[in-house]
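S.K.: First, the structure itself, so that you have it in front of you.
No lab work stands behind these numbers, since they all come straight from the coordinates. These numbers were taken from a predicted model, which means no experiment stands behind them. Note: ideal-geometry Cβ built from the backbone for every residue, glycine included; neighbour counts use all protein chains shown.
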Amino acid sequence: MTRRNVRYPVILICALLCSCSDATEKDSPHAGMDQLERQLEMHHHNDLLARQAMPDSTLAGFTTDGCSGGLSIGWEYLAKQVDGVREYHGIRPPWEDCCITHDRRYHAGASIDATAEESFEARKQADLALLACVVETGNTRTAELSREYDVSPETVHILYATIAELMYRAVRIGGIPCSGLPWRWGYGWPECN
């Protein structure tokens, strides 16, 4: 990863940890970070669009690792070690379909004729859809998990909302285009120069 590509995640992580947000209660919980993300990320979208436009650029076939960053692999390892995880939650994360749908959107990125702004917005919408899908997975499992673990439905909702928010923050930081990471926005295209 080049020095330029490292700078973005470091700055964004610092901003997240410092809670540098100007969001009010009526705003989306993500509104305060939007301007910072836009400033740090826009040139990456321009670089991706330029790479897509090159005559030698072709979109590779779709691939997925399930939930990136080792989440699916880690879950599988845990499920093999702990019977209760495997029995009640399965060998793969319960929200893995959400990740695969997210990967499908990330694979191609925005359309070739998109602007950098449209590419930024498409990525943001893909990430928000991932967050919503994980929350919805929790909603469909609430009664079952509430009974199994003898906790309130509200506790299950809070847990899934927390998981969804952490996943959202991870993809916002780790999914920028042209980062060299295998799960970057537009990962089906050749890496940017």
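S.K.: Between Asp150 and Leu128, what length comes free when the chain is fully extended (0.36 nm per residue of separation minus the Cα-Cα distance, one decimal in nm)?
M.R.: Gain on extension, Asp150 to Leu128, equals 4.9 nm.
S.K.: Among 143-149, 103-109, how do they line up by average Cβ neighbours within 10 Å per residue, starting with the highest?
M.R.: 103-109, 143-149
S.K.: With the cut-off at 1.5 for a/c, could you classify the stretch 99-163 from its C-alpha gyration tensor as rounded, prolate or oblate? Could you put the intermediate results ahead of the total?
M.R.: Values: a/c = 5.61, a/b = 3.31, b/c = 1.69.
In terms of gyration-tensor shape, prolate.
S.K.: While we're looking at this one, here's another question. At 7 Å along Cα-to-Cβ for each site, give me the label-to-label distance between Thr140 and Leu59 in nm.
M.R.: For Thr140 paired with Leu59, the spin-label model returns 2.6 nm.
S.K.: Would you mind getting me the FRET efficiency between Gln39 and Thr162? Use the beta-carbon distance for r and R0 = 22 Å, nearest 0.05.
M.R.: Efficiency at R0 = 22 Å is approximately 0.20.
S.K.: Let me ask something else. How large is ³J(HN,Hα) for each residue in the stretch 127-133, as worked out from phi by the Karplus curve 6.51 cos²θ - 1.76 cosθ + 1.60 (θ = phi - 60°), to whole Hz, x for Gly and Pro?
M.R.: After applying 6.51 cos²θ - 1.76 cosθ + 1.60, I find 5, 5, 5, 4, 4, 5, 5 Hz.
S.K.: Taking the Cα centre of the stretch 127-181 as origin, sum charge times position over the Cβ atoms of Lys and Arg (+1) and Asp and Glu (-1), and report the length of that vector in debye to the nearest 20.
M.R.: 220 debye
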